[in-house]
Amino acid sequence: GKSGYDHFMLKEIHEQPRALRQCLRGRVDEMAGTVDIEDLADLSPSGVQFVACGTSYHAALYGAQLFRDAGIPAQAFLASEYATATPPTGEALVVGVTQSGETADTLSALRAARKRGARTMAVTNVVGSTAARECDHAFYIRAGPEIGVAATKTFSSQLTALNLLALGMTNTQETRETITALRELPGNVQRILDESNAEEVAETYENSDAYFFIGRGYQFPVALEGALKMKEITYKHAEGFASGELKHGPLALVTQNTPVFAVVTGDGEQARKTLGNVKEVEARDAPVVAITDGQSEVERYADHVLELPETHPRAAAVLANTHLQLVSYHVASLLGRNIDKPRNLAKSVTVE
Ligand code: F6R
């Protein structure tokens with residue numbers, strides 16, 4: 001059942017701290033500052049190609065960046081576009097990110113990769129799913145069953161699992177720092193669930209013409225996911241952009257009636273640049289909702305702030321997404337949408 005929640009989606013959003021603890025359990029040796037995953041230790045791919053659809057594709061974009069940061073060439077492909085990818089070489093690993101393990105586009109991309117001689121891996125939630133059975137390796141995200149059609153806890157668990165995967169196969173200076181951030185993640189997600197003012201933001205903007213989401217680096221996939229969640233469950237127009245792309249066209253869409261959600265973390269180069277993009281939006285009188293740890297000046301240009309704790313940008317992505325899940329949920333709820341079963345959508349898409 002829904003354990004007292006109005007919708008499975010809200011229940012599953014609130015299950016995230018537990019899901020993330022399950023994902024991490026037994027896989028991190030904190031004393032040694034290492035990630036130990038049996039089965040992965042002997043994998044040292046020359047490159048990684050991710051294939052996935054929808055929300056899982058956003059996780060794949062994030063995962064590819066993790067590997068690139070660790071010095072391994074990596075790219076994310078929409079599974080339905082994998083035919084256009086450079087064929088993987090023998091030492092490449094092709095990773096299908098798929099909650100259900102049954103998505104036809106993803107299965108077909110994985111089969112094509114295997115036919116070309118690549119080693120394959122499923123990052124999935126469902127033990128014994130087709131992807132898990134057909135791939136050479138299966139890495140389980142352990143989120144528990146997800147009933148709501150909109151992926152929520154499984155996205156957070158995918159991001160967490162992909163961190164473990166990257167740490168388990170590579171060894172960088174950032175390993176210890178990331179491990180600390182991952183250990184703190186379940187508690188930090190709980191704090192967001194307890195304290196987020198997402199409902200107030202939803203009430204302010206429930207009647208907007210459109211919703212835009214911007215982010216850079218690890219926060220770019222979060223912007224895409226924020227927009228996808230908003231369209232799926234509210235049926236409103238929403239788009240996610242890389243912050244820097246705004247001025248290359250989308251800025252023409254920005255008005256007083258289109259709030260822009262900007263994910264800005266840290267106070268480095270990326271934050272400074274995104275801040276510049278936020279100023280452009282603010283100058284066009286669009287409402288700005290900053291999802292931020294307060295390290296940059298972005299709050300000065302924001303109409304609303306969804307607060308993040310100071311943490312590693314990789315962990316901040318999960319936390320920012322939690323706020324955005326809640327904003328979409330509350331907008332959909334105010335509009336009276338069928339949140340757990342949005343029109344025209346199915347939980348598992350088994351046709352190409
Ligand atoms: C969005 C959503 C879909 C799925 C996509 C892939 O909330 O749920 O975009 O992410 O259909 O599904 P899986 O991960 O099962 O391959």
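The values are calculated or read from the model by the stated rules, or taken from the named source; none is laboratory data. What you see is a predicted model; the values in this text were computed from it and never measured. For neighbour counting, all protein chains shown are included, and Cβ atoms are generated from backbone atoms with ideal geometry for every residue, glycine included. Side chains are part of the model used for accessible areas, which takes the heavy atoms of the whole protein and leaves out ligands, DNA and RNA. Shrake-Rupley method; radii C 1.70, N 1.55, O 1.52, S 1.80 Å.
Screening Gly101 against (1) open to solvent by less than 40 Å² (accessible area, probe 1.4 Å); (2) at pLDDT 95 or above; (3) away from the ligand (no atom under 15 Å from the Cβ) leaves a single unmet condition, (3).
Total residues in the range 328-352 satisfying the condition of being more than 15 Å from the ligand (Cβ to nearest atom) and either closer than 19 Å to Asn188 by Cβ or without any contact (Cβ under 8 Å) to a residue 12 or more places away in the chain (or both): the figure is 1.
Selection within the range 111-147: residues that are within 11 Å of the ligand (Cβ to nearest atom) and in a helix (DSSP H, G or I). The member of this set that is most open to solvent (accessible area, probe 1.4 Å) is Thr130.
With respect to the stated conditions, Glu352 fails to be open to solvent by 70 Å² or more (accessible area, probe 1.4 Å) and either over 30 Å from Ala109 (Cβ atoms) or out of contact with any Asp or Glu (no Cβ under 9 Å at 6 or more places or on another chain) (or both).
Scan the range 242-259 and tell me whether some residue there is under 30 Å from Gly187 (Cβ atoms) and touching an Asp or Glu at 6+ places or on another chain (Cβ under 7 Å). No, the conditions are met nowhere in the range 242-259.
Among the residues of the range 4-19, which ones are open to solvent by less than 30 Å² (accessible area, probe 1.4 Å) and farther than 10 Å from Asp340 by Cβ? Reasoning before the result, please.
First, pick out the residues of the range 4-19 that are open to solvent by less than 30 Å² (accessible area, probe 1.4 Å): 9-10, 12-13, 16-17, 19.
If the condition is that a residue be open to solvent by less than 30 Å² (accessible area, probe 1.4 Å) and farther than 10 Å from Asp340 by Cβ, then Ile13, Gln16, Pro17, Ala19 are the ones that fit.
One line per residue, one yes/no per condition, for (1) open to solvent by 40 Å² or more (accessible area, probe 1.4 Å); (2) within 23 Å of Ser157 (Cβ to Cβ):
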{"residue": "Lys279", "(1), (2)": "yes, no"}
{"residue": "Ala286", "(1), (2)": "no, no"}
{"residue": "Leu308", "(1), (2)": "no, yes"}
{"residue": "His312", "(1), (2)": "no, yes"}
{"residue": "Ala320", "(1), (2)": "no, yes"}
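Within the range 91-103, residues that are within 16 Å of His58 (Cα to Cα) sit with their Cβ atoms under 7 Å from residues that are of a type in the set (Val, Ile, Thr) and more than 15 Å from the ligand (Cβ to nearest atom), at 6+ positions apart or across chains, in these pairs: Val95/Val48. Of all the residues in the range 43-98, those that are part of a loop (DSSP other than H, G, I, E, B) and within 10 Å of the ligand (Cβ to nearest atom) number 1. Here is a check on your reading of the model: is Thr274 part of a helix (DSSP H, G or I) and more than 21 Å from Thr154 (Cβ to Cβ)? When the stated conditions are applied, Thr274 passes them.
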